[in-house]
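Visitor: My questions all concern the structure below.
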Amino acid sequence: RTVGVLLNRYDDGEAMLGSHRHDCWTALFSFGSERILTIDHTPLLCQDGDLVIFGTQRHGVPKMPEISTGRITVVVFFYPNHLQKQKMWQTVADQELGVPSRALVAIQHDTYL
């Protein structure tokens, strides 16, 4: 169930968003300059066209003074259904074996079709 949509504008690397959390999940679409998104203090580089989905973890966008161009993120807040909750820790790589997960193989297969 979608509960809101928000547009964040970052004019340059001086723009930032302090660490915070929501009681719902977030789907974040990133457009424009590369920027770091921290999720529970773990940095993730968001590039143009990326989609990041995460739960109620603490997150934010730190300053990156070396960035001189802008970025927009479209943020969709939602409450997951029971099927989404079952897959909430699903990843696209098997960290122990260093091989693609079934989810990644399916994504790659669909991309090549």
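Visitor: Report the full-extension gain for the segment Arg9 to Asp23: residue separation times 0.36 nm, less the Cα-Cα distance, to one decimal in nm. Walk me through the numbers on the way to the answer.
Guide: On the way: separation 14, 0.36 × 14 = 5.04 nm, distance 2.23 nm.
This chain segment gains 2.8 nm when fully extended.
Visitor: Another question, then. Quote to one decimal, in nm, the extra length available between Asn81 and Arg58 on full extension: 0.36 nm per residue of separation minus the C-alpha distance between them.
Guide: Working: separation 23, 0.36 × 23 = 8.28 nm, distance 2.09 nm.
Extending this stretch completely gives an extra 6.2 nm.
Visitor: In nanometres, what is the gap between the two model label sites at Met16 and Thr42, each 7 Å from Cα along Cα-to-Cβ?
Guide: The two pseudo-label positions are separated by 2.2 nm.
Each value in this text was obtained by applying a stated rule to the coordinates, not by laboratory testing. None of the values given here were measured: they were computed from a predicted structure. Don't worry about glycine lacking a Cβ; one is built from the backbone with ideal geometry, like all the others, and counts go over all protein chains shown.
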